[in-house]
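Peer 1: Pasting a structure below so you can have a look.
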Amino acid sequence: MTTPLPKLTLNNGVQFPNLGYGTGLLTDAEQLKKCLAVAIESGYRNIDTAQMYANEHIIGEFLDENIKSGKLKREDVFITTKLAFFYHQPEEAEKSIEESLRKLKTDYIDCFLIHWPSPLKPAPEPGTSFQDYFAKLAKGEVEFDLTPHIETWKVLEKFYKQGVFKAIGISNFNEKQIQDLYEKAEIKPQNLQRGIAVVPKSGNLERIRSNQQVFDFELTNEEMEKFKGIKGEKKIFDLEILKNHPYYPF
Ligand SMILES: NC(=O)c1ccc[n+]([C@@H]2O[C@H](COP(=O)([O-])OP(=O)(O)OC[C@H]3O[C@@H](n4cnc5c(N)ncnc54)[C@H](OP(=O)(O)O)[C@@H]3O)[C@@H](O)[C@H]2O)c1
């Protein structure tokens, strides 16, 4: 039996299941579909993907197959996806969003985020892996794109107003960038990545199951004290390759 998972309520009333299944680096269709099946069976109802993860089409196929066979309804699953670095220019953003909807085989996305605040241009040829794209960046073949965040944000607002996005937000933005966008935005960003929601990634079926079993135990006071005693702060995913970008957040 699966434990019903708690949810966060976003500032527009949308309910965000605060344990999601993270799909970064999972690009093998057969493996990811098996993992998604186990995640859904175990009770996850929140799938975290991104244009950069190059797996939206696999998730779309999985959902379509399960919806058609009656195992799932679209509204049972909360989908988050994110705008890639290289689609910040409004026209590019719009095209890429249409592409995400097509790949995910859905007419709405529960939550759409700007993935990173440091855009690049030009967009890669279809099929280019992001490792190859960053290799080009290292060779100076990719430029910094200085499209102001608000210009990209307006595209997200347009889809939000049409009901295509149920919630919109940002990730990896620093405090100043968040404040700046907050002041200029008509629809205020929902800054999920700083909330308490987590999206553990595992490509291992047993670990997908065990990562879901986190709401039926508590750490003891002694364990909490040890936890607080861990010294130092370290950001693991800081994308240092972008550190010279004028919009680098860290
Ligand atoms: N917004 C952003 O910019 C951003 C950035 C980073 C991540 N994310 C999201 O967050 C998700 C998780 O990211 P992450 O950086 O934390 O993941 P990660 O480092 O890519 O993957 C988690 C690692 O922990 C292992 N693992 C998972 N469960 C485990 C368990 N119970 N015991 C031992 N090892 C375990 C996994 O191995 P196995 O696969 O072999 O289990 C994997 O090596 C991503 O998939 C993505 O959806 C978003």
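Peer 1: Out of curiosity, is K158 over 22 Å from N18 (Cα atoms), surrounded by fewer than 16 Cβ atoms within 10 Å (Cβ to Cβ) and more than 16 Å from the ligand (Cβ to nearest atom)?
Peer 2: No; evaluated as a whole, the condition is false for this residue.
Peer 1: Which condition number does S96 fail, the rest of (1) within 12 Å of the ligand (Cβ to nearest atom); (2) of a type in the set (S, T, Y); (3) part of a helix (DSSP H, G or I) being met?
Peer 2: Status for S96: all satisfied but (1).
Peer 1: While we're looking at this one, here's another question. Counting just the residues of segment 193-224 that are outside any loop (DSSP other than H, G, I, E, B) and away from the ligand (no atom under 16 Å from the Cβ), which one comes out farthest from I150 (Cα to Cα)?
Peer 2: Taking the candidates together, the pick is E222.
Peer 1: Separate question: Those residues that are under 21 Å from the mean Cα position of the chain (by Cα), away from the ligand (no atom under 13 Å from the Cβ) and at positive phi, I need them from segment 225-243; list them, please.
Peer 2: none
Peer 1: Moving to a separate point now. With respect to the numbered conditions (1) under 23 Å from D48 (Cβ atoms); (2) part of a loop (DSSP other than H, G, I, E, B), which one is the sole condition not fulfilled by H245?
Peer 2: (1)
Peer 1: Quick check, is K166 under 20 Å from V77 (Cα atoms), within 14 Å of the ligand (Cβ to nearest atom), surrounded by 13 or more Cβ atoms within 10 Å (Cβ to Cβ) and not hydroxyl-bearing (S, T, Y)?
Peer 2: no
Peer 1: Check whether at least one residue in segment 54-73 is touching a residue at least 60 places away in the same chain (Cβ under 8 Å) and under 16 Å from the mean Cα position of the chain (by Cα), and report yes or no.
Peer 2: So far as segment 54-73 goes, yes, one or more of its residues are touching a residue at least 60 places away in the same chain (Cβ under 8 Å) and under 16 Å from the mean Cα position of the chain (by Cα).
Peer 1: Give just the number: which of (1) more than 10 Å from the ligand (Cβ to nearest atom); (2) out of contact with any Cys (no Cβ under 8 Å at 6 or more places or on another chain); (3) assigned to a loop (DSSP other than H, G, I, E, B); (4) over 29 Å from A138 (Cβ atoms) does Q190 not satisfy?
Peer 2: The one condition Q190 does not meet is (2).
No value in this document is a laboratory result; all are computed from the given coordinates. Predicted model, so just to flag it, every value in this text is computed and none were measured. Cβ: placed from backbone, ideal geometry, glycine included. Neighbour counts: every protein chain shown.
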